[in-house]
Amino acid sequence: MPYRFILLVSALVLAGCSDTVAEKPRKTRQERAADAQAQLSKTPDSRTYRIEGNELRVVEVPVKDSTDFVDIQRCFIWRDQEFKTSTMSCGQQPDILLSN
């Protein structure tokens with residue numbers, strides 16, 4: 001009797017695993033370009049961290065690549081209160097070259 005119960009429960013669990021996942025429809029190039037333009041028009045996000053009286057500001061700027069996808073480029077701004085200086089560093093955006 002307990003074997004039938006275990007068999008029934010395991011059959012129900014396996015039946016739930018066989019559901020097919022619906023594929024997302026692919027976006028056209030025009031739809032990707034419109035989505036990219038909407039993201040690029042937003043104001044860049046920034047976060048500020050206070051470290052021993054100094055300040056580290058992280059600015060995340062959306063940038064578009066050649067395939068109409070948007071990536072985030074981070075820039076770091078260090079403000080030194082002792083020497084009254086600032087330094088800005090942005091990572092280089094990789095170039096993606098694809099042939100059509």
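The values are calculated or read from the model by the stated rules, or taken from the named source; none is laboratory data. These numbers were taken from a predicted model, which means no experiment stands behind them. All Cβ positions, even for glycine, are placed from backbone atoms using ideal geometry, and neighbour counts span all protein chains on display.
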Checked the stretch 71-93 for anything among the aromatic types (Phe, Trp, Tyr) and under 26 Å from the mean Cα position of the chain (by Cα); matches are Phe76, Trp78
Result of the Cβ filter at 9 Å on the stretch 77-90, keeping first residues that are surrounded by fewer than 10 Cβ atoms within 10 Å (Cβ to Cβ) and partners that are outside any strand (DSSP E or B) and not polar (S, T, N, Q), at least 6 apart or interchain, is Glu82/Gly53
Here the residues within the stretch 41-90 that are closer than 30 Å to Gln30 by Cα, among the acidic types (Asp, Glu) and part of a strand (DSSP E or B) are Asp45, Glu60, Asp71
If we keep only residues of the stretch 1-55 that are among the acidic types (Asp, Glu) and modelled with pLDDT of 85 or more, then the residue nearest to Thr67 (Cα to Cα) is Asp45
